[in-house]
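Chemist: Take this structure first; my questions come after.
The values are calculated or read from the model by the stated rules, or taken from the named source; none is laboratory data. Because the structure is a prediction, the values reported are computed rather than measured. Virtual Cβ from ideal backbone geometry, glycine too; neighbours counted across all protein chains shown. These accessible areas exclude ligands, DNA and RNA; they are computed on the full protein's heavy atoms, side chains included. Shrake-Rupley method; radii C 1.70, N 1.55, O 1.52, S 1.80 Å.
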Amino acid sequence: MAMVPTSISYVSSSQLSSIIPHPRVAIVDVRDEERIYDAHIAGSYHYPSGSFAQRMPNLLQAVGGQKDTIVFHCALSQVRGPSCARMFMNYLSETKEAAGIKRVMILERGFNGWEASGKPICRCTALPCKSDHS
């Protein structure tokens, strides 16, 4: 049986930008409607916090077996990002199916911090974002 992650760590914008090119990293944007207006991190998945609990199986199916690090964020990563990360980690432990996921992380300062630090953003409207991480 695969090991399920047991703790959540934080990652800075600088740290994340250095690991984003790795194909086994998934960024999960849990902002709700503001993603449409504020842009997003290129290549991120969008699972709004309002429906996140019901859509966790979809997220696991989308990233399982392909990704080993899942990074959650919302606008500031103070409420929605951390709560969705905890919910997802609990879901993994309940289903006992980590599907190769080794780390669950939260982006410090969220999307707003990412953008304020000058990191690249994407304004496409595709779901999921089709942009590569450049």
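Chemist: For segment 97-118, enumerate the residues that are under 17 Å from residue 17 (Cβ atoms), within 16 Å of the chain's Cα centre (by Cα) and open to solvent by less than 70 Å² (accessible area, probe 1.4 Å).
Modeler: Selection gives 105, 106, 107, 110, 111, 112, 113, 114.
Chemist: Ok, one more. Residue by residue through segment 57-94, note down the ones that are polar (S, T, N, Q) and in contact with a helix residue (DSSP H, G or I) (Cβ under 9 Å, 6 or more places away or on another chain). Write out each step before concluding.
Modeler: Narrowing segment 57-94 to residues polar (S, T, N, Q): 58, 61, 66, 69, 77-78, 83, 90, 93.
Those that are polar (S, T, N, Q) and in contact with a helix residue (DSSP H, G or I) (Cβ under 9 Å, 6 or more places away or on another chain): 69, 77, 78, 83.
Chemist: For residue 100, work out the one condition from (1) part of a loop (DSSP other than H, G, I, E, B); (2) over 21 Å from residue 5 (Cα atoms) it doesn't fulfil.
Modeler: All conditions pass for residue 100, except number (2).
Chemist: Moving on. Checking the condition of a type in the set (S, T, N, Q) and without any contact (Cβ under 8 Å) to a residue 12 or more places away in the chain, which residue from 90, 112 passes? Please lay out each step first, then the result.
Modeler: Details: 112 fails: without any contact (Cβ under 8 Å) to a residue 12 or more places away in the chain.
After applying the criteria, what remains is 90.
Chemist: Can you work out which of the residues in segment 90-134 that are of a type in the set (Ser, Thr, Tyr) and over 24 Å from residue 65 (Cβ atoms) is modelled with the lowest pLDDT?
Modeler: Of everything passing the filter in segment 90-134, 134 is modelled with the lowest pLDDT.
Chemist: If residue 42 passes every condition in (1) aliphatic (A, V, I, L, M); (2) free of Cβ contacts under 8 Å to residues at least 60 places away in the same chain; (3) within 15 Å of residue 122 (Cα to Cα) but one, which one does it miss?
Modeler: (2)
Chemist: Separate question: Of the residues 121, 106, only one is touching a residue at least 60 places away in the same chain (Cβ under 8 Å) and touching a Ser or Thr at 6+ places or on another chain (Cβ under 8 Å); which?
Modeler: It is 106.
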